[in-house]
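Take a look at the structure set out below.
The values are calculated or read from the model by the stated rules, or taken from the named source; none is laboratory data. Quantities reported herein were computed from a predicted structural model and do not represent experimental measurements. Ideal geometry is used to build each Cβ from the backbone, glycine not excepted, and the neighbour counts take in all protein chains shown. Accessible surface is based on the protein model in full, side chains and every heavy atom, while ligands, DNA and RNA are left aside. Shrake-Rupley method; radii C 1.70, N 1.55, O 1.52, S 1.80 Å.
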Amino acid sequence: KITKKEVLSVFTEKSYDDKQVFDRPQLLKRGYDKLVNGKRVLVVEDLTTTGGSVKKVVESVKKAGGKVIGVYVLVNRNPKEVNSKFMTAPFRSLAVFKADEFEKKGCPLCKKNIPINTEVGHGKEFLKLKNK
């Protein structure tokens, strides 16, 4: 309303092989690739750790013919590696929250037998791998 311009909102989804759907035309369900083609696109995400998922979206937009004018995230957990150079587009975050990440063998919480929360994050996946 402010700019008196049409603003569209679309999203990508992961496919069975962990690719963003809208770079796989045979898997499209909504035709968003056609809406993105020829448009300036702002990619918005809640959180980045490795930036891999957001980068897939950026690549999908470009493959669909859109021009990524920026990538904005609420929280960037890895500012040293997740940045404009990595995204190949202007990148900004509202906040930076560095959180330590440990391999299973070096995890100080595991060494102290502190249970992990399986209700959020990747806790359930961790337990499945641990029990194999």
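Here are the numbers for the structure shown:
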{"quantity": "Those residues of the range 80-126 which are loosely packed, with under 13 Cβ neighbours inside 10 Å and at positive phi, in sequence order", "calculated": "Asn113, Gly121"}
{"quantity": "Residue that is nearest to Val36 (Cα to Cα) [pool: residues in the range 75-106 that are modelled with pLDDT under 90, in a loop (DSSP other than H, G, I, E, B) and among the charged types (D, E, K, R)]", "calculated": "Lys98"}
{"quantity": "Candidate set from the range 114-128 (those that are of a type outside the set (A, V, I, L, M) and more than 14 Å from Lys104 (Cβ to Cβ)); member that is modelled with the lowest pLDDT", "calculated": "Gly121"}
{"quantity": "Every pair of residues 6+ apart whose Cβ atoms lie under 8 Å, when the first sits in the range 104-132 and is closer than 18 Å to Thr49 by Cβ while the second is not in a helix (DSSP H, G or I)", "calculated": "Leu109/Phe102; Leu109/Ile116; Gly123/Ile116; Gly123/Asn117; Lys124/Thr118; Phe126/Ile116; Phe126/Thr118"}
{"quantity": "When residues of the range 39-57 are limited to those that are within 15 Å of Ser9 (Cα to Cα) and over 8 Å from the mean Cα position of the chain (by Cα), the one most open to solvent (accessible area, probe 1.4 Å)", "calculated": "Arg40"}
{"quantity": "Close pairs from the range 42-56: first in a helix (DSSP H, G or I), partner of a type in the set (Phe, Trp, Tyr) and modelled with pLDDT of 90 or more, Cβ under 9 Å, at least 6 apart", "calculated": "Val54/Phe91; Lys55/Phe86"}
{"quantity": "Any hit, the range 67-74, residues being on the phi < 0 side of the Ramachandran plot, surrounded by 12 or more Cβ atoms within 10 Å (Cβ to Cβ), part of a loop (DSSP other than H, G, I, E, B) and at pLDDT 90 or above", "calculated": "no"}
